Amino acid sequence: MRFSERIGRTSAKVDIQIESMDDDLRVGLWNCFQEFALGNYKTTFASQSLLMPLFRQLWRDFFKLPMDTIPDFFQP
């Protein structure tokens with residue numbers, strides 16, 4: 001449970017998604033499938049960076065975006 005849900009600022013998601021799925025669920029399922037079934041198939045400069053685990057976690061958990069859309073390079 002998030003802090004904002006505990007203090008009553010936002011309501012927790014409690015809807016069971018049977019007939020459709022929201023973007024958070026769809027992207028989360030795709031990221032799990034990609035990570036465990038497909039593995040890491042990109043071998044670019046960015047994927048060899050020591051910060052890549054941080055980038056991947058931010059991309060997946062904070063931005064909630066598909067893992068296969070991480071850019072191949074990062075501009076400062």
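The values are calculated or read from the model by the stated rules, or taken from the named source; none is laboratory data. Just so we're clear, the structure is a prediction, and the values are computed from it rather than from any experiment. For the accessible areas, the whole protein counts, side chains as well, though only heavy atoms, and no ligand, DNA or RNA atoms are used. Shrake-Rupley method; radii C 1.70, N 1.55, O 1.52, S 1.80 Å.
State whether the residues of the stretch 5-25 include one that is hydroxyl-bearing (Ser, Thr, Tyr) and at pLDDT below 80.
Scanning the stretch 5-25 turns up at least one residue that is hydroxyl-bearing (Ser, Thr, Tyr) and at pLDDT below 80.
Inside the stretch 57-74, residues that are open to solvent by 60 Å² or more (accessible area, probe 1.4 Å) and either assigned to a helix (DSSP H, G or I) or over 18 Å from Gly39 (Cα atoms) (or both) make up a count of 10.
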